[in-house]
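The next block holds one structure in the form of structure tokens; read it before the comments.
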Amino acid sequence: MAILNILEFPDSRLRTIAKPVAVVDDGIRQLIDDMFETMYEAPGIGLAATQVNVHKRIVVMDLSEDRSEPRVFINPQFETLTDEMEQYQEGCLSVPGFYENVDRPNKVRVTALDRDGKPFELTAEGLLAVCVQHECDHLNGKLFVDYLSNLKRDRIKKKLEKLHKQA
């Protein structure tokens, strides 16, 4: 397994739309394992392949405190099941150190493939629903900062650009 480099906003590669995975093979499973190791090391609760500069529709997440509930979503799609919006303070491994409130639908139905390529469906609510939407946004070239005002987004961009120059 390997720790992968996480792209950081405003890197333009984060805006790349990911391509569907055609075949789930050992190479995809190795990428999934590397993504989990990278996510846990960061530490985070979700990671999309786009964030590690692999433009395939793959998401890993684990919302448990003890890293006991790893979830894999290959080619995930979701549909909103409610008009009810929930506000969560979101952060992102690609926007380190920043947390902002974002409104998202509270309940979604997700369809995807698991790490063996088997299709599954689940209904997600609360934090899981937020994470699914957040990570699927990455696969579509979108970041949580896109939900913020231009002023907030520009402030975050300037601060991260300054940090990148110092590094």
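Taking the stretch 135-155 only, how many residues are outside any helix (DSSP H, G or I) and either open to solvent by less than 50 Å² (accessible area, probe 1.4 Å) or among the hydroxyl-bearing types (Ser, Thr, Tyr) (or both)?
Number satisfying all stated conditions: 4.
Of the conditions (1) surrounded by 13 or more Cβ atoms within 10 Å (Cβ to Cβ); (2) over 20 Å from residue 44 (Cβ atoms); (3) in contact with a Ser or Thr (Cβ under 7 Å, 6 or more places away or on another chain); (4) of a type outside the set (Val, Ile, Thr), residue 113 satisfies every one except a single condition; which number is it?
Only one criterion in (1) surrounded by 13 or more Cβ atoms within 10 Å (Cβ to Cβ); (2) over 20 Å from residue 44 (Cβ atoms); (3) in contact with a Ser or Thr (Cβ under 7 Å, 6 or more places away or on another chain); (4) of a type outside the set (Val, Ile, Thr) is unmet by residue 113, namely (3).
Before we move on, is residue 42 over 20 Å from residue 147 (Cα atoms), without any contact (Cβ under 8 Å) to a residue 60 or more places away in the chain, hydrophobic (A, V, I, L, M, F, W, C) and open to solvent by 90 Å² or more (accessible area, probe 1.4 Å)?
When the stated conditions are applied, residue 42 does not pass them.
Six or more apart or on different chains, Cβ atoms under 7 Å: show the pairs whose first residue is in the stretch 1-19 and in contact (Cβ under 8 Å) with a residue 60 or more places away in the chain and open to solvent by 50 Å² or more (accessible area, probe 1.4 Å) and whose second is among the acidic types (Asp, Glu) and assigned to a loop (DSSP other than H, G, I, E, B).
Cβ pairs passing all conditions: none.
Could you list, in sequence order, the residues of the stretch 70-85 that are under 18 Å from the mean Cα position of the chain (by Cα) and surrounded by 12 or more Cβ atoms within 10 Å (Cβ to Cβ)?
Passing the criteria: 70, 71, 72, 73, 74, 75, 76, 77, 78, 80.
The values are calculated or read from the model by the stated rules, or taken from the named source; none is laboratory data. Note that this is a predicted model, so its numbers are computed, not measured. Here Cβ is always computed from backbone atoms with ideal geometry, including for glycine, and neighbour counts include all displayed protein chains. Ligands, DNA and RNA are stripped out before the accessible areas are found, and what is left, the full protein with its side chains, is counted by its heavy atoms. Shrake-Rupley method; radii C 1.70, N 1.55, O 1.52, S 1.80 Å.
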